[in-house]
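Below is one structure, written out as C-alpha cells; the observations come after it.
Since every read-out is calculated from the coordinates, none of them should be taken as a lab result. No experiment lies behind these values; they were computed from the predicted model shown. Note that we place each Cβ from the backbone using ideal geometry, even for glycine, and neighbour counts take in every protein chain shown.
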Amino acid sequence: MTHCTLLLTIFVLAIFFPGCERQKESNTGKNNLSTNIEATNRTEAISFRTLDKRELLLRLFDNPKIDSLEMAVWKPNYYDLTSLPIPLSYDNQFHTSLDTIMFFKDTKNTECGVAIFSTYNFQMHEYDKKVEPTGCHFCGVPIGVALFYKTKYNKWELYKFQKEIDEIGYFGTYKSTGLIPAKIELKEIGDKWTCLSLSYGLGGNGGYLEGGESLFSIERYYINGLENSALTEILSFYYGFSETYLENNKVPSYTTIVKPKSHYNLSTLEVDDKQIKTRHYKFSTDIGKYIEE
C-alpha cells in the first residue's frame, strides 16, 4: 500500500465511523423520545379535565351510544362476555347508567372521586313491546366503579376501574325494590381511611327475609403508607330472619371500634332467624382484608 493510499484510507475511516456513532446516538434518542411519548399518552388516556357524566360514559365504555335515558349502550367484547356476570339485554348489548359520583379525601389528603355505574338487564315484553329492566326475585343489578384522584395539575386521573364488582337489589333494580332498598355509600373505617359500602337491601318471601353488606377498599394507600389494591372486597356479612322478628327489632348492622391512626376494628351484629350473633373483625394489611378474631 502506497503512502498516499494509506492516508486516503485513514481519512475515509475518520469520517465514516464518527458518523456511524452519531447515527447510533440519534437512534437511541429517537427510541427514548418514543418511550416518553407512549408514557405521556398513557397518562393522558386516563386523565379527565372534569368528571363529566357524558364524557365518563363515552371514554370508559369505548365510545358507546348514549340513549334518551342518558345510558351508555355498548357492545361487549369477548373478554366482557366471558368475565362479566352481566346478562345481555334484548338487543344483545349492555345498558349502563352512571348513577352518582361521591367524593372523599384519602390518607394523603388528596381529593378523590368514586363514580358508580349500574348495568341493567332490559327485556322487551312480547304483548306490548314495552322495554324495561327485569330480573328474578333475587336478581339484582351489577354495580361497577371507577376511582379517580385529583392531580397537582387539577386533572382527575383514573387509578382503578371495574365494570362489575358486585350485585345489589331485587327484580333487576336496586333503588326502589325490597322491604328496605339497597344502598351505596362511603364509610370511614379507619383514621381518615374510607371504603365503599354496598348494602344489598332487605327482601325475601314466605315470611323470611335476607340482607347483607359488603365493604370494598377504594384508597390508593393503607394508613401505614403501603400501596393498596383498590376495589378489593375487605368484608362482607349476611343475615336472615323472619318478618315477625323485624316487627320488634332493627335491621342487623356493624359497629366500628375506633382506634386513632389505624384501621378500625369492626363488630357485626348478625341474625339467623331469632339467634343474634356478634362477630369481631380486625384488619390485616398482609392480605388487605378484615379477618375474624
*Grab the other residues whose beta carbon is less than 13 angstrom from that of residue 292, score K and R as +1, D and E as -1, and report the net.*
+2
*Between residue 293 and residue 253, what FRET efficiency comes out of the Förster formula 1/(1 + (r/R0)^6) with R0 = 22 Å and r the beta carbon distance, rounded to 0.05?*
0.75
*State the answer as a single residue: which of 228, 171, 197 lies farthest towards the positive end of the charge dipole of the range 155-277, with beta carbon charges of +1 for Lys and Arg and -1 for Asp and Glu, about the Cα centre.*
228
*Ranking 263, 125 by Cβ neighbours within 10 Å, fewest first, what do you get?*
125, 263
*asked:* Could you compute how fast the range 29-175 diffuses translationally, taking Rh as the Kirkwood radius over C-alpha pairs and applying Stokes-Einstein at 20 °C with viscosity 1.002 mPa s? Give it in µm² per second.
replied: 126 µm²/s
*Around residue 111, what is the net charge, scoring Lys/Arg as +1 and Asp/Glu as -1 over all other residues with Cβ under 9 Å from its Cβ?*
+1
*Scaled to the compact-protein estimate 2.2 N^0.38 Å, what is the alpha-carbon radius of gyration of the range 120-203, rounded to two decimal places?*
1.43
*Taking every Cα atom in the range 161-265, find the radius of gyration and the maximum pairwise distance Dmax, and write them in Å.*
15.7, 49
*Cβ-Cβ FRET estimate between residue 103 and residue 75, R0 fixed at 25 Å, reported to 0.05*: 0.20
*Could you put 187, 259, 163 in order, starting from the residue whose Cβ has the fewest other Cβ atoms within 10 Å?*
259, 187, 163
*So if R0 is 22 Å, what FRET efficiency would residue 232 and residue 278 give, r being the distance between their Cβ atoms, rounded to the nearest 0.05?*
0.35
*Sum of side-chain charges, residue 263 neighbourhood, beta-carbon under 13 Å (Lys, Arg +1; Asp, Glu -1)*: +2
_Taking the number of other C-beta atoms within 10 Å as the exposure measure, put 61, 94 in order starting with the fewest._
61, 94
